[in-house]
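Asker: Take this structure, written in structure tokens, and hold onto it; I'll ask about it next.
Taken together, the values in this text are just the output of simple stated rules run on the coordinates, not laboratory data. Only a predicted model underlies this, so the values are computations on that prediction, with no experimental measurement involved. Methodologically, a virtual Cβ is constructed for each residue, glycine included, from the backbone with ideal geometry; neighbour enumeration extends over all protein chains shown.
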Amino acid sequence: MAGNIMVVEDEPAVARGVQVALEREGYSVVVMPTGEDALTNLRDAAPDLIVLDVRLPGIDGFEVCRRLRRESRAPVIFLTARADEVDKVVGLEIGADDYLVKPFSVRELVSRVKALLRRAYGELADTETGRTLRRGDLVIDLERRRVTRDGERITLTTTEFDLLRHMAAKPGRVYTRNQLLELVRDYDALDQDERTINVHISHIRDKIEPDPAQPRYIRTVRGVGYAFAED
């Protein structure tokens with residue numbers, strides 16, 4: 001799908017390279033050099049996806065992500081100059097869907113952008129699961145990508161929603177962390193590892209579980225992975 005993409009990057013050469021690569025694929029791209037500019041123009045730009053550098057002058061990328069999540073559920077790809085796990089975990093915890101470590105190839109970035117847009121806005125209903133999954137007081141609307149519990153809306157990131165719908169579609173099935181990672185990445189993401197799944201699952205539990213310390217929906221299968229509880 002074509003779409004509007006916001007690139008928040010203060011390095012002109014990097015921003016220009018990303019912009020050119022994405023525009024060649026038919027996307028409409030707006031570049032913001034600071035986090036303040038991105039937040040100020042968020043509503044007018046109405047991005048379908050945001051490419052967000054972590055190290056920005058003024059408000060850093062982490063804080064920008066925290067604030068924009070109050071207004072937007074658009075997928076976020078972080079660009080980070082650090083390869084250590086701290087940056088990755090923090091980014092995922094505050095609502096990012098993916099990350100790339102600099103230097104990166106624009107070809108890989110374009111691939112990830114396409115993958116996230118397909119997941120976020122593509123056709124999700126299928127004959128096996130139907131358009132809505134009901135698991136106790138939890139309702140997962142596959143077509144609108146909405147989750148409610150007891151009628152109250154729960155906001156999930158693209159990756160969190162996809163993990164939840166995969167597991168909820170097959171209650172009782174045990175997924176290894178690697179299997180879950182493969183389900184939500186349809187591109188070559190060699191720098192991701194299975195530990196990122198732990199972060200996503202923890203974040204989902206914080207949002208959907210009445211008591212995250214004693215999860216009702218997503219069970220941990222020790223030494224193996226996770227499973228959605230059977231009815």
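Asker: Based on DSSP H runs of at least 4 residues, each adding -39500 (n - 2.57), what is the mean residue ellipticity at 222 nm of the chain after dividing by all its residues, to the nearest 500 deg cm²/dmol? Please list the in-between numbers first.
Answerer: Values: 9 runs with 89 residues, N = 231.
Value at 222 nm, helices only, nearest 500: -11500 deg cm²/dmol.
Asker: Against the longest alpha carbon principal axis of the chain, how many degrees, from 0 to 90 and to the nearest 10, is the axis of helix 195-208 turned?
Answerer: Relative to the chain, helix 195-208 is tipped by roughly 70 degrees.
Asker: Continuing with the same structure: Expressed as an acute angle from 0 to 90° and rounded to the nearest 10, what is the orientation of the C-alpha long axis of helix 158-169 relative to the principal long axis of the chain?
Answerer: With both axes taken from Cα atoms, the answer is about 20 degrees.
Asker: Largest first, please: the extent of the C-alpha atoms of the range 132-228 along each principal axis, to the nearest Å.
Answerer: Per principal axis, max minus min of the Cα coordinates gives 39, 29, 21 Å.
Asker: Pull out the extension gain between ARG216 and ASP60, defined as 0.36 nm times the separation in residues minus the alpha carbon to alpha carbon distance; nm, one decimal. All intermediate terms of the calculation are to be shown ahead of the outcome.
Answerer: Working: separation 156, 0.36 × 156 = 56.16 nm, distance 3.58 nm.
Length gained between ARG216 and ASP60: 52.6 nm.
Asker: Quick check on packing: order 99-112, 196-209 by the mean number of other C-beta atoms within 10 Å, highest mean leading.
Answerer: Details: 99-112: 15.5, 196-209: 19.2.
Ranked from most to least packed, the peptides come out as 196-209, 99-112.
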